[in-house]
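One structure is given here, and the rest of the page talks about it.
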Amino acid sequence: MSVFRTMAVFILGAALFLVPSLSASEKPHALAKGAWGGDHVTMNVTESGAQLEFDCAAGEISEPVRVDATGNFDARGKYAGEHPGPTRDEDTSTPVRYHGQIDHNSMELTIMAGRETVGTFTLTRGRETILRKCR
């Protein structure tokens, strides 16, 4: 029984040592402001949210984007598809969630309308993007 108790203490101690603890630098923080770009998307992050442009759509994050200790974020916003030709002055946007995973200067961004995936994009901080607007 003593051997089992010693082993249990050793395993518990090793587990506590190996599990990373949150430090002050790993607390939730704001997503880096400025331009993020990728194929078919550009995202301009501000203190109050973000503006997104796609080849044939536009989007908006309507709240500050807070990244958690594991690099994830989830923010509310809007998404509106565009089409060629004349447009009316009406709001055709759909409420969406922007889910992201940050790894240094890279972002995987997924846009969800309910349970439907609108799109998934890879963005890089500071990357310039050329969009092919459908106008």
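The slack in the chain from His99 to Thr124, taken as 0.36 nm per residue of separation less the alpha-carbon distance, amounts to 7.5 nm.
For Thr94, the residues 5 or more places off, or on other chains, whose built amide H falls under 5 Å of its own are Tyr79, Ala80.
Tell me, what is the FRET efficiency for Ala30 and Ala113 to the nearest 0.05, using R0 = 22 angstrom and their Cβ-Cβ distance as r? It comes to 0.30.
FYI, it's all coordinate maths here, none of it is from the lab. As the structure is a computational prediction, the values presented were derived from the model and not from experiment. For neighbour counting, all protein chains shown are included, and Cβ atoms are generated from backbone atoms with ideal geometry for every residue, glycine included.
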